[in-house]
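In what follows, a single structure is set out as structure tokens and then discussed.
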Amino acid sequence: MFIGHLPAGYVATRLLYRRFARTGVMAKYFMLAGMFGAIAPDLDMFYFYLIDNRQHHHHTYWPHYPVIWFSLLAATSLWFGLARNKARAALGLVFTLNGCLHMLLDSIVGDVWWLAPWVDQPYVLFTVQAVYTPWWLNFILHWSFALELALLAWAIYLWRCKPVEAPASAMPGADNPLD
């Protein structure tokens, strides 16, 4: 994915905020944590370009190991379940949920080593044929880029048309049958 991770993270985080608002977490921090989680696996690109000199596929570095993200998801879910003050745990949980979403989105047309570090085998749902030069045109002219554009349009719609706010029933102290 080229442009889809951040919009997907925005959409997912916006949709999740209604569920986590009662923890007392501020919307701004919740959004920042979720969107940072959506792009966090790609921070390995700094290593890829600045140190490794593009010698290995950046999805083979540990920040792109699904086992890392799903282990973090299990740990933050446990933390959230056990915490008395759930606001910080909610930030960790939305961060790792979006890291897992990143792995799923990368799997559409990008190689992901789902069984790393134990098995050195990439998996991908759809293969992008190398037809055009430069290489990135193959991805932009592939049907999967329409999915990225749809995610971008959805994120823009939510950003422009609907403010981030908690439902009144989720506010601490409100008459909430779920509290």
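The values are calculated or read from the model by the stated rules, or taken from the named source; none is laboratory data. All of these numbers come straight from a predicted model, not from anything done at the bench. Here the Cβ is made from the backbone with ideal geometry for all residues, glycine too, and neighbour counts use every protein chain on show.
Of the residues GLY92, GLY37, the single one that is surrounded by 14 or more Cβ atoms within 10 Å (Cβ to Cβ) and in contact (Cβ under 8 Å) with a residue 60 or more places away in the chain is GLY37. Selection within region 68-78: residues that are touching a residue at least 12 places away in the same chain (Cβ under 8 Å) and of a type in the set (Ser, Thr, Tyr). The member of this set that is surrounded by the fewest Cβ atoms within 10 Å (Cβ to Cβ) is SER77. Among the residues making up region 49-69, those that are assigned to a helix (DSSP H, G or I), of a type in the set (Phe, Trp, Tyr) and either at pLDDT below 90 or more than 15 Å from the chain's Cα centre (by Cα) (or both) are TYR49, TRP62.
Just one of the numbered conditions (1) within 24 Å of LEU115 (Cβ to Cβ); (2) of a type outside the set (Lys, Arg); (3) in contact with a helix residue (DSSP H, G or I) (Cβ under 7 Å, 6 or more places away or on another chain) is not true of ILE3: (1).
Residues in region 46-67 that are free of Cβ contacts under 8 Å to residues at least 40 places away in the same chain and surrounded by 18 or more Cβ atoms within 10 Å (Cβ to Cβ) were compared, and the one that is farthest from PRO122 (Cα to Cα) is PHE48.
Within the option set LEU151, LEU115, LEU78, LEU125, being assigned to a helix (DSSP H, G or I) and either touching a Phe, Trp or Tyr at 6+ places or on another chain (Cβ under 9 Å) or closer than 24 Å to TYR10 by Cβ (or both) holds for one residue only, LEU151. Answer with yes or no whether LEU43 is under 24 Å from TRP114 (Cα atoms) and surrounded by fewer than 18 Cβ atoms within 10 Å (Cβ to Cβ). Yes, satisfied.
Here ILE3 passes the criteria (1) hydrophobic (A, V, I, L, M, F, W, C); (2) in a loop (DSSP other than H, G, I, E, B); (3) at pLDDT below 95 except the one numbered (3). Number of residues in region 12-34 that are among the aliphatic types (A, V, I, L, M) and surrounded by fewer than 20 Cβ atoms within 10 Å (Cβ to Cβ) equals 6.
Have a look at VAL128, VAL119, VAL109 and point out the one that is without any contact (Cβ under 8 Å) to a residue 12 or more places away in the chain, among the β-branched types (Val, Ile, Thr) and farther than 23 Å from LEU16 by Cα. Checking each option against the conditions leaves just VAL119. Select from region 154-179 the residues that are exposed (fewer than 11 other Cβ atoms within 10 Å of the Cβ) and within 22 Å of ALA12 (Cβ to Cβ) and write down the one among them that is modelled with the highest pLDDT. Among them, the one singled out is ARG160.
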